[in-house]
Amino acid sequence: MLILEKPITYQEFKAIEFDEWELKEFFFELINGEIIRQNYPSYKHHFASGNLYARFYNYVKEKNLGIVLHAPLELS
């Protein structure tokens, strides 16, 4: 288990090598310099998220408002 003594940067976060078993069970995010470990979203979450994405995408495309992106998306 990784214990942080101070906030870390995005570059430091990207350099961390997590255990393989952890990457199968969890995903990790860097929020305000702190590593947050979370469970992967459920089937219900993906189903709802996909439906919302489709509605947003169709509305934005119909109104020519720009683009809609669906997570996960690396913002670097």
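Can you give the calculated 222 nm mean residue ellipticity of the chain, where each DSSP H run of n ≥ 4 adds -39,500 (n - 2.57) and the sum is split over every residue, rounded to the nearest 500 deg cm²/dmol?
On the way: 3 runs with 33 residues, N = 76.
Only helices count here, giving -13000 deg cm²/dmol.
Which value in Å does the Kirkwood hydrodynamic radius of the chain take, with 1/r averaged over all unlike C-alpha pairs and then inverted? Walk me through the intermediate numbers first.
Details: mean 1/r = 0.0660 Å⁻¹.
Taking every pair of different Cα atoms in the chain, averaging 1/r and inverting gives 15.2 Å.
Against the longest principal axis of the chain, how steep is helix 43-63, in degrees 0 to 90 to the nearest 10, with axes from Cα atoms?
Once rounded, one gets 50 degrees.
What relative contact order, as a whole-number percentage, does region 10-63 give when Cα pairs under 8 Å and 6 or more residues apart are counted? Walk me through the intermediate numbers first.
Numbers: 22 pairs, mean separation 12.2, N = 54.
Over region 10-63, the number comes to 23 percent.
Taken together, the values in this text are just the output of simple stated rules run on the coordinates, not laboratory data. Because the structure is a prediction, the values reported are computed rather than measured.
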